Amino acid sequence: MNSLRLLFAQLGVVAILAGLHIYGIIHFYYWRFHWFDLVSHLLAGLWAGLFAYWLALKLDKEPNILFCVGVAFSLGVIWELFEFLTGVTNLPAEILDTLKDLLMDTLGGLAGVLLARRIDGK
């Protein structure tokens, strides 16, 4: 049952993230508010932490913080690479923004594993 609750938690986070993203695009929040993308990265990291915890359970592994946060960080790196390759990010000029994004992905991953533990009853 906890596995299903973890899936619903992921769905909730993704729904909030998608809603904020669509709203942010429509109203130009990503360009008007420099902090808006940090919220998106935090929520994406939260989802990634929940996902990594759920995945570890499905693979009959004991989920640990390092694995879950590592998955969130790794997905953040992949996303930043995607942004660079598509011309969204201008590196090295925007390296501080990229590092802030990765920090938020990591903090979100940590929050995700802590929330997942609470849902899992551990």
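Can you tell me the 0 to 90 degree angle between the C-alpha axis of helix 95-120 and the longest principal axis of the chain, rounded to 10? Helix 95-120 sits roughly 20 degrees off the main axis of the chain.
A Gaussian network model of the chain, with springs between Cα atoms under 10 Å, assigns the largest mean-square fluctuation among GLY70, GLY45, GLY112 to GLY70.
With all protein chains in place and ligands, DNA and RNA left out, the 1.4 Å accessible area ranks THR89, THR106 as THR106, THR89, largest first.
Rolling a 1.4 Å probe across all protein chains gives HIS21 an accessible area of roughly 80 Å². Phi angles of segment 66-71 translate, via the Karplus equation with coefficients 6.51, -1.76, 1.60 and θ = phi - 60°, into HN-Hα couplings of 4, 5, 5, 5, x, 5 Hz per residue; Gly and Pro are given as x. Partner aspartates and glutamates whose Cα lies under 19 Å from the Cα of LYS58, excluding those fewer than 8 positions away in the same chain, are identified as ASP120.
Given 4 °C and 1.567 mPa s, compute D for the chain with the Stokes-Einstein relation, Rh being the Kirkwood radius over Cα pairs; round to the nearest whole µm²/s. Working shown, then result.
Details: Rh = 14.8 Å.
The estimated diffusion coefficient comes to 88 µm²/s.
Give the accessible surface of segment 1-107 per residue, rounded to a whole number of Å², with probe radius 1.4 Å and ligands, DNA and RNA excluded. Intermediate values should be presented prior to the final figure.
On the way: 6770 Å² over 107 residues.
Dividing the accessible area of segment 1-107 by its residue count gives 63 Å².
Taking a Cβ cut-off of under 14 Å around ALA56, the surrounding Lys, Arg, Asp and Glu residues balance to a net charge of +1, with basic ones at +1 and acidic ones at -1. When the solvent-accessible area of the chain is split by element, carbon and sulfur atoms take up 74 percent of it, the probe being 1.4 Å. Computed per residue of the chain from DSSP H runs no shorter than four, each worth -39500 (n - 2.57), the mean residue ellipticity at 222 nm is -28000 deg cm²/dmol. GNM remark for the chain: springs join alpha carbons under 10 Å apart, and the peak mean-square fluctuation among LEU99, LEU38, LEU110 falls on LEU99.
The values are calculated or read from the model by the stated rules, or taken from the named source; none is laboratory data. Just so it is clear, the model here is predicted, and its values are computed rather than measured. Neighbour counts run over all protein chains shown; Cβ positions are idealised from the backbone, glycine included. To get the accessible areas, we keep the full protein, side chains included, count just its heavy atoms, and leave off ligands, DNA and RNA. Shrake-Rupley method; radii C 1.70, N 1.55, O 1.52, S 1.80 Å.
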